[in-house]
Amino acid sequence: MKLPKDFPKLDDLLKQMGIPFQPFVALEIEKSITTRGITVESDDVKVALNGTLEYQGRKVVLYIRDTMGSLPKYHVVDCRTLRGMRDAGKYKRYVVTRRTDGEFLLNFADNLSSDNPETYRLDICKNCLWQELKLKYVYAPDAFPLADWFNAIDPRYEPPPTDVLYGPKITPVTLPVSKYPPDWNLRSLQCRKKAEWRCEKCSIDLRLTPKFLHAHHLRGTRYSQPKDLQALCIGCHAGQPRHQMKHLPDYLEFMELHGNIWKQLTGN
(Lines give C-alpha, C1' and ligand atoms only; values in the text may rest on other atoms or scores of the structure.)
Protein backbone atom coordinates (compact mmCIF):
# COMPACT_ATOMS: atom_id res chain seq x y z
CA MET A 1 0.00 0.00 0.00
CA LYS A 2 1.32 3.43 -0.94
CA LEU A 3 1.19 5.84 2.01
CA PRO A 4 0.43 9.54 1.52
CA LYS A 5 3.31 11.98 1.97
CA ASP A 6 1.49 13.98 4.66
CA PHE A 7 -1.56 13.79 6.88
CA PRO A 8 -3.27 17.20 6.83
CA LYS A 9 -6.00 16.13 9.31
CA LEU A 10 -3.65 14.55 11.82
CA ASP A 11 -2.78 17.76 13.63
CA ASP A 12 -6.46 18.67 14.06
CA LEU A 13 -7.23 15.18 15.36
CA LEU A 14 -4.40 15.31 17.89
CA LYS A 15 -5.62 18.70 19.11
CA GLN A 16 -9.13 17.29 19.65
CA MET A 17 -7.64 14.42 21.65
CA GLY A 18 -5.47 16.78 23.67
CA ILE A 19 -2.25 15.22 22.38
CA PRO A 20 0.51 17.62 21.28
CA PHE A 21 1.79 17.05 17.76
CA GLN A 22 5.34 15.72 17.84
CA PRO A 23 7.01 15.91 14.43
CA PHE A 24 9.64 13.35 13.52
CA VAL A 25 13.18 14.65 13.74
CA ALA A 26 15.93 12.67 12.03
CA LEU A 27 18.56 11.26 14.38
CA GLU A 28 21.33 13.12 12.55
CA ILE A 29 19.50 16.44 12.95
CA GLU A 30 18.87 15.73 16.65
CA LYS A 31 22.56 15.01 17.16
CA SER A 32 23.60 18.15 15.28
CA ILE A 33 21.29 20.32 17.38
CA THR A 34 22.82 19.04 20.61
CA THR A 35 26.44 19.36 19.43
CA ARG A 36 27.50 21.62 16.56
CA GLY A 37 24.16 23.36 16.00
CA ILE A 38 22.43 24.02 12.69
CA THR A 39 22.46 27.23 10.65
CA VAL A 40 18.87 28.29 9.96
CA GLU A 41 16.86 30.67 7.85
CA SER A 42 14.36 33.01 9.48
CA ASP A 43 11.38 30.88 8.42
CA ASP A 44 12.89 27.76 10.02
CA VAL A 45 12.57 29.10 13.57
CA LYS A 46 9.09 29.31 15.04
CA VAL A 47 8.10 31.51 17.97
CA ALA A 48 5.69 29.80 20.37
CA LEU A 49 2.86 31.66 22.08
CA ASN A 50 5.00 31.98 25.22
CA GLY A 51 7.85 33.48 23.21
CA THR A 52 10.12 30.43 23.30
CA LEU A 53 11.99 29.41 20.14
CA GLU A 54 11.37 26.17 18.22
CA TYR A 55 13.02 24.33 15.36
CA GLN A 56 11.24 21.31 13.88
CA GLY A 57 9.20 20.91 17.04
CA ARG A 58 12.20 21.14 19.37
CA LYS A 59 12.81 23.99 21.80
CA VAL A 60 16.13 25.63 20.96
CA VAL A 61 18.37 28.58 21.68
CA LEU A 62 19.86 30.82 19.01
CA TYR A 63 23.27 32.42 18.63
CA ILE A 64 25.56 33.83 15.94
CA ARG A 65 28.44 31.50 15.07
CA ASP A 66 30.39 33.78 12.70
CA THR A 67 31.56 36.82 14.63
CA MET A 68 33.71 39.80 13.73
CA GLY A 69 34.26 41.31 17.19
CA SER A 70 33.32 40.56 20.79
CA LEU A 71 31.73 37.31 21.88
CA PRO A 72 28.02 37.11 20.94
CA LYS A 73 25.17 36.29 23.30
CA TYR A 74 22.71 33.42 22.99
CA HIS A 75 18.91 33.83 22.96
CA VAL A 76 16.23 31.69 24.59
CA VAL A 77 13.14 33.74 23.68
CA ASP A 78 12.06 36.08 20.90
CA CYS A 79 13.52 39.23 22.42
CA ARG A 80 13.98 42.78 21.16
CA THR A 81 17.41 41.93 19.79
CA LEU A 82 16.11 39.04 17.67
CA ARG A 83 13.20 41.07 16.41
CA GLY A 84 15.58 43.84 15.38
CA MET A 85 17.87 41.40 13.58
CA ARG A 86 14.89 39.86 11.81
CA ASP A 87 13.63 43.25 10.68
CA ALA A 88 17.13 44.08 9.41
CA GLY A 89 17.25 40.89 7.35
CA LYS A 90 20.16 39.42 9.37
CA TYR A 91 18.29 36.52 10.95
CA LYS A 92 19.89 33.99 8.60
CA ARG A 93 23.17 34.35 10.51
CA TYR A 94 21.78 32.45 13.50
CA VAL A 95 22.43 28.87 14.59
CA VAL A 96 19.98 26.71 16.59
CA THR A 97 21.23 24.44 19.36
CA ARG A 98 20.05 22.48 22.39
CA ARG A 99 23.39 22.32 24.18
CA THR A 100 23.14 22.98 27.90
CA ASP A 101 26.79 23.16 28.95
CA GLY A 102 27.11 26.87 28.14
CA GLU A 103 29.69 26.19 25.42
CA PHE A 104 29.14 27.26 21.80
CA LEU A 105 31.12 26.85 18.59
CA LEU A 106 32.34 30.13 17.07
CA ASN A 107 34.16 31.19 13.91
CA PHE A 108 36.07 34.47 14.20
CA ALA A 109 36.67 36.90 11.35
CA ASP A 110 40.09 35.50 10.50
CA ASN A 111 38.78 31.94 10.49
CA LEU A 112 35.42 32.17 8.72
CA SER A 113 36.45 30.28 5.60
CA SER A 114 38.06 27.31 7.35
CA ASP A 115 34.88 25.73 8.79
CA ASN A 116 36.83 24.92 11.92
CA PRO A 117 34.95 26.61 14.77
CA GLU A 118 36.31 26.81 18.31
CA THR A 119 34.37 26.36 21.55
CA TYR A 120 33.71 29.33 23.84
CA ARG A 121 31.46 29.93 26.83
CA LEU A 122 28.75 32.51 26.10
CA ASP A 123 26.35 34.55 28.23
CA ILE A 124 22.61 34.81 27.72
CA CYS A 125 21.26 37.95 26.01
CA LYS A 126 20.31 40.56 28.63
CA ASN A 127 17.14 41.47 26.70
CA CYS A 128 16.04 37.81 26.95
CA LEU A 129 16.92 37.56 30.64
CA TRP A 130 15.91 40.95 31.99
CA GLN A 131 13.29 42.35 29.60
CA GLU A 132 11.39 39.27 28.43
CA LEU A 133 11.85 36.83 31.33
CA LYS A 134 11.99 39.52 34.07
CA LEU A 135 14.85 37.71 35.83
CA LYS A 136 17.16 40.65 36.42
CA TYR A 137 17.53 39.96 40.13
CA VAL A 138 17.54 36.16 39.89
CA TYR A 139 20.27 35.19 37.44
CA ALA A 140 23.35 36.91 36.09
CA PRO A 141 23.84 36.60 32.30
CA ASP A 142 26.81 34.28 32.78
CA ALA A 143 25.01 31.99 35.23
CA PHE A 144 21.77 31.13 33.44
CA PRO A 145 20.96 27.40 33.95
CA LEU A 146 20.24 26.14 30.43
CA ALA A 147 19.49 22.58 31.52
CA ASP A 148 16.85 23.86 33.98
CA TRP A 149 15.47 26.09 31.23
CA PHE A 150 14.92 23.19 28.82
CA ASN A 151 13.45 21.05 31.59
CA ALA A 152 10.95 23.82 32.35
CA ILE A 153 9.81 24.58 28.78
CA ASP A 154 10.10 21.18 27.07
CA PRO A 155 8.50 18.13 28.74
CA ARG A 156 10.21 15.89 26.16
CA TYR A 157 13.67 17.20 26.91
CA GLU A 158 16.34 14.68 27.79
CA PRO A 159 19.92 15.81 28.44
CA PRO A 160 22.21 14.48 25.71
CA PRO A 161 24.56 11.69 26.82
CA THR A 162 27.94 12.88 28.01
CA ASP A 163 29.67 11.17 25.10
CA VAL A 164 27.58 13.14 22.61
CA LEU A 165 28.94 16.43 23.93
CA TYR A 166 32.40 15.40 24.98
CA GLY A 167 33.16 12.19 23.06
CA PRO A 168 33.38 8.63 24.41
CA LYS A 169 34.81 7.84 27.81
CA ILE A 170 38.57 7.44 27.66
CA THR A 171 40.90 5.23 29.66
CA PRO A 172 43.54 6.69 32.00
CA VAL A 173 46.10 6.02 29.26
CA THR A 174 44.32 8.45 26.93
CA LEU A 175 43.05 10.87 29.58
CA PRO A 176 41.15 13.69 27.84
CA VAL A 177 41.25 17.38 28.58
CA SER A 178 39.18 17.72 31.75
CA LYS A 179 35.64 19.10 31.55
CA TYR A 180 33.77 21.92 33.23
CA PRO A 181 31.10 20.82 35.74
CA PRO A 182 27.46 21.30 34.62
CA ASP A 183 26.95 24.18 37.09
CA TRP A 184 30.19 25.95 36.16
CA ASN A 185 28.49 29.27 35.39
CA LEU A 186 27.15 29.46 38.95
CA ARG A 187 30.49 28.44 40.50
CA SER A 188 32.27 31.05 38.41
CA LEU A 189 29.83 33.74 39.49
CA GLN A 190 30.24 32.85 43.17
CA CYS A 191 34.04 32.93 42.87
CA ARG A 192 34.06 36.39 41.32
CA LYS A 193 31.49 37.78 43.73
CA LYS A 194 33.56 36.51 46.66
CA ALA A 195 36.53 38.44 45.26
CA GLU A 196 34.29 41.54 45.06
CA TRP A 197 34.96 41.73 41.32
CA ARG A 198 38.69 42.37 41.77
CA CYS A 199 41.48 40.34 40.24
CA GLU A 200 43.13 38.33 43.00
CA LYS A 201 46.52 38.70 41.34
CA CYS A 202 46.78 42.33 40.22
CA SER A 203 43.82 43.77 42.23
CA ILE A 204 42.32 45.65 39.27
CA ASP A 205 38.70 46.66 39.99
CA LEU A 206 36.29 45.27 37.39
CA ARG A 207 32.94 46.00 39.01
CA LEU A 208 31.94 48.17 36.03
CA THR A 209 33.19 45.67 33.43
CA PRO A 210 32.69 42.27 35.12
CA LYS A 211 32.96 40.24 31.91
CA PHE A 212 36.73 40.74 32.06
CA LEU A 213 36.99 38.89 35.39
CA HIS A 214 37.32 35.10 35.08
CA ALA A 215 37.30 32.18 37.51
CA HIS A 216 40.64 30.44 36.99
CA HIS A 217 41.19 26.77 37.83
CA LEU A 218 44.29 26.47 40.00
CA ARG A 219 44.62 22.70 39.44
CA GLY A 220 42.80 22.15 36.14
CA THR A 221 39.11 21.99 35.26
CA ARG A 222 38.59 18.65 37.03
CA TYR A 223 38.88 20.60 40.30
CA SER A 224 36.13 23.22 40.60
CA GLN A 225 35.52 23.58 44.32
CA PRO A 226 35.78 27.14 45.74
CA LYS A 227 39.27 26.39 47.11
CA ASP A 228 40.38 25.43 43.59
CA LEU A 229 39.26 28.68 41.96
CA GLN A 230 40.87 32.11 41.74
CA ALA A 231 39.31 35.28 40.32
CA LEU A 232 41.63 36.63 37.63
CA CYS A 233 41.24 39.44 35.15
CA ILE A 234 41.56 38.26 31.57
CA GLY A 235 44.99 39.91 31.40
CA CYS A 236 46.36 37.83 34.26
CA HIS A 237 44.37 34.77 33.16
CA ALA A 238 45.93 34.88 29.70
CA GLY A 239 49.37 34.72 31.30
CA GLN A 240 48.71 31.35 32.95
CA PRO A 241 50.36 28.25 31.41
CA ARG A 242 48.52 26.78 28.40
CA HIS A 243 45.94 29.58 28.36
CA GLN A 244 45.64 30.82 24.78
CA MET A 245 43.52 33.95 25.21
CA LYS A 246 45.44 36.84 23.72
CA HIS A 247 43.64 36.53 20.38
CA LEU A 248 40.17 36.74 21.94
CA PRO A 249 38.06 39.86 21.32
CA ASP A 250 37.49 40.26 25.07
CA TYR A 251 41.25 40.28 25.72
CA LEU A 252 41.83 42.94 23.07
CA GLU A 253 38.95 45.02 24.44
CA PHE A 254 40.30 44.65 27.99
CA MET A 255 43.69 45.91 26.90
CA GLU A 256 42.12 48.84 25.11
CA LEU A 257 40.04 49.86 28.12
CA HIS A 258 42.26 48.82 31.04
CA GLY A 259 45.63 48.03 29.52
CA ASN A 260 47.49 51.02 30.94
CA ILE A 261 46.26 50.46 34.49
CA TRP A 262 46.84 46.70 34.24
CA LYS A 263 50.42 47.19 33.06
CA GLN A 264 51.11 49.57 35.94
CA LEU A 265 49.69 47.09 38.44
CA THR A 266 51.57 44.10 37.03
CA GLY A 267 54.76 45.78 35.84
CA ASN A 268 54.30 44.37 32.34
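The values are calculated or read from the model by the stated rules, or taken from the named source; none is laboratory data. All of these numbers come straight from a predicted model, not from anything done at the bench. Reconstructed Cβ throughout: ideal geometry from the backbone, glycine too, with neighbour counts over all protein chains shown. These accessible areas exclude ligands, DNA and RNA; they are computed on the full protein's heavy atoms, side chains included. Shrake-Rupley method; radii C 1.70, N 1.55, O 1.52, S 1.80 Å.
Of the set (1) touching a strand residue (DSSP E or B) at 6+ places or on another chain (Cβ under 9 Å); (2) at pLDDT below 80; (3) closer than 30 Å to Gly51 by Cβ, all apply to Ser188 but (2). Just so you know, in region 138-151 the residues that are free of Cβ contacts under 8 Å to residues at least 24 places away in the same chain and in contact with a helix residue (DSSP H, G or I) (Cβ under 9 Å, 6 or more places away or on another chain) include one that is farthest from Pro210 (Cα to Cα), and it is Val138. Here Gly220, Gly167 are screened, and the one residue that is on the phi > 0 side of the Ramachandran plot and at pLDDT below 75 is Gly167. Of all positions in region 44-54, none carries a residue that is in a loop (DSSP other than H, G, I, E, B) and either touching a Leu at 6+ places or on another chain (Cβ under 6 Å) or open to solvent by less than 10 Å² (accessible area, probe 1.4 Å) (or both).
One residue stands out among those in region 180-216 that are outside any helix (DSSP H, G or I) and in contact with a Ser or Thr (Cβ under 7 Å, 6 or more places away or on another chain): the one that is most open to solvent (accessible area, probe 1.4 Å), which is Tyr180.
Could you check, for region 223-243, whether at least one of its residues is assigned to a helix (DSSP H, G or I) and open to solvent by 50 Å² or more (accessible area, probe 1.4 Å)? Yes.
Looking only at region 55-88, residues that are in contact (Cβ under 8 Å) with a residue 60 or more places away in the chain, assigned to a strand (DSSP E or B) and under 16 Å from the mean Cα position of the chain (by Cα) come to 3 in all. Within region 244-254, the set of residues being in a helix (DSSP H, G or I) and either open to solvent by 70 Å² or more (accessible area, probe 1.4 Å) or over 19 Å from Leu122 (Cβ atoms) (or both) comprises Leu252 only.
The residue list Ile19, Ile33, Ile29 contains one member that is in a loop (DSSP other than H, G, I, E, B) and either at pLDDT 85 or above or not basic (Lys, Arg) (or both), which is Ile19.
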